[in-house]
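Here, each number is a calculation from the coordinates, and none is a lab measurement. No experiment lies behind these values; they were computed from the predicted model shown. Heads up, the Cβs are rebuilt from the backbone with ideal geometry, glycines too, and the neighbour counts pull from every protein chain shown.
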Amino acid sequence: MNYTSLIVKIIEKPCQTFVENQIPLTKMTVQIPQVRHNSSETYIRLCIWGKLGYDITQYYHINDYVIVEGYLSIQSDQLSKISLKSFPRVELSVYKIYPFVFGLNNASIGK
């Protein structure tokens, strides 16, 4: 089974494109928070299809934490060798997304 739920931190501004000039596709890189200090950072590429991607570009920002549900997939080795550091090997096709914790720079505190 490759359906999963994760809490992730947004580390890249969502970028929206259109597939065949019709279907909106939003992509962004996120980080899975680690509790242990000696573990390496884990990055995942989120792919959001359809109208859900528009909401993400409007309401979610860098340093926000979200709960995502979706299907995991792994890039082929040939593609990952080309740009190993610039593009994560694991992709998550998002089915649902929920706000968890918004970053302090985005909140209106004291207003």
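Under the condition of being among the charged types (D, E, K, R) and without any contact (Cβ under 8 Å) to a residue 12 or more places away in the chain, which residue from segment 30-54 is farthest from GLU69 (Cα to Cα)? Even if it seems obvious, please write down each step before you answer.
Here is the first cut: in segment 30-54, the residues among the charged types (D, E, K, R) are 36, 41, 45, 51.
After this cut, where a residue has to be without any contact (Cβ under 8 Å) to a residue 12 or more places away in the chain as well, the list is 36, 41.
Working: ARG36: 24, GLU41: 20 Å.
If we take residues in segment 30-54 being among the charged types (D, E, K, R) and without any contact (Cβ under 8 Å) to a residue 12 or more places away in the chain, then ARG36 is farthest from GLU69 (Cα to Cα).
Taken over segment 24-57, the criterion of being more than 19 Å from ARG89 (Cα to Cα) and crowded, with 16+ Cβ neighbours inside 10 Å is satisfied by PRO24, GLY53, ILE56, THR57. One residue stands out among those in segment 14-29 that are of a type in the set (A, V, I, L, M, F, W, C) and in contact (Cβ under 8 Å) with a residue 24 or more places away in the chain: the one that is nearest to TYR54 (Cα to Cα), which is LEU25.
Go through segment 1-13 and count every residue that is in a loop (DSSP other than H, G, I, E, B) and either aliphatic (A, V, I, L, M) or buried (at least 16 other Cβ atoms within 10 Å of the Cβ) (or both).
Narrowing segment 1-13 to residues in a loop (DSSP other than H, G, I, E, B): 1-2, 11-13.
Subsequent filtering for residues that are either aliphatic (A, V, I, L, M) or buried (at least 16 other Cβ atoms within 10 Å of the Cβ) (or both) retains 1, 11.
So the count comes out to 2.
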